[in-house]
Structure formats: structure tokens, C-alpha cells
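The structure appears below as C-alpha cells.
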Amino acid sequence: MFKDRFHTLRTANKYTQSEIAEQMNVSVQTVYHWEKGLFLPTIDTLLQLADFFCVSVDDLLDHSDRRFLEVTGLTDEQLAHLQQIINDIRHT
């Protein structure tokens, strides 16, 4: 569920509810309501949150077991190295 995934992302990245509220231009009460599952953010805010946490909207909504890494700016060589690390982890 969104509320659980959002809370996990916020706390894992050591953001306070106030900091998220400031970044998303909403009230702290709104962020609190998201974490309590009282209501969901708007579609526009979901997109902003996904960009902010470098995750997909599906990941933010906890809709998929797939996870994504932000790799923008990496060279082809760095991407190949990262893929090899992932392959090694999967096979251990």
C-alpha cells in the first residue's frame, strides 16, 4: 500500500514529514494523512514524489515487486559493471 511504501521511503532517506511537506509544497498534515492512509496524493504529486525518491509510480504505490535504480548519467561501461554486479548477486 502507498502509505507503507511512502513511510518506508521517507524514513529510509531520513526525511521528516516537514521536509517532505516543504518539498511537495503541501502541509505537514497532508503528509501525515498520506502516511496514515487517510487519503492519497494527487496524480501530479505522485509523479513529483516518484521523482523525488527516484522510484517509479508503481513502486511508490507498491503495485509491483519490481524495483528500479536511477542510472541516468552513467556511462555504458558503468552500466555494464552494475549489471554484472546484479547478475552476481542473483546467482549467489
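The values are calculated or read from the model by the stated rules, or taken from the named source; none is laboratory data. Computed from a predicted model, the values in this text were never measured in an experiment. Neighbour counts are summed over all protein chains in view; Cβ atoms, including those assigned to glycine, are modelled from backbone coordinates with ideal geometry. Note: accessible area is taken over every heavy atom of the protein model, side chains too, but ligands, DNA and RNA are not part of it. Shrake-Rupley method; radii C 1.70, N 1.55, O 1.52, S 1.80 Å.
Just to verify a result, which residue in the stretch 11-29, among those that are over 18 Å from residue 46 (Cβ atoms) and of a type in the set (Gly, Ala, Ser), is surrounded by the fewest Cβ atoms within 10 Å (Cβ to Cβ)? So the residue we want is 12. Restricting 74, 49 to residues that are in contact (Cβ under 8 Å) with a residue 24 or more places away in the chain and out of contact with any Phe, Trp or Tyr (no Cβ under 6 Å at 6 or more places or on another chain) narrows the list to 49.
If the requirement is being surrounded by fewer than 14 Cβ atoms within 10 Å (Cβ to Cβ) and of a type in the set (D, E, K, R), which of these qualifies: 51, 59? That would be 51, the only listed residue that is surrounded by fewer than 14 Cβ atoms within 10 Å (Cβ to Cβ) and of a type in the set (D, E, K, R). When residue 46 is tested against (1) in contact with a helix residue (DSSP H, G or I) (Cβ under 9 Å, 6 or more places away or on another chain); (2) aliphatic (A, V, I, L, M); (3) open to solvent by 50 Å² or more (accessible area, probe 1.4 Å), exactly one condition is not met: (3). Among the candidates 77, 35, 70, the residue that is surrounded by 11 or more Cβ atoms within 10 Å (Cβ to Cβ) and either within 12 Å of the chain's Cα centre (by Cα) or modelled with pLDDT of 90 or more (or both) is uniquely 35. Look at residue 4 and say whether it is surrounded by fewer than 16 Cβ atoms within 10 Å (Cβ to Cβ), at pLDDT below 95 and at positive phi. So residue 4 does not fit the description; no.
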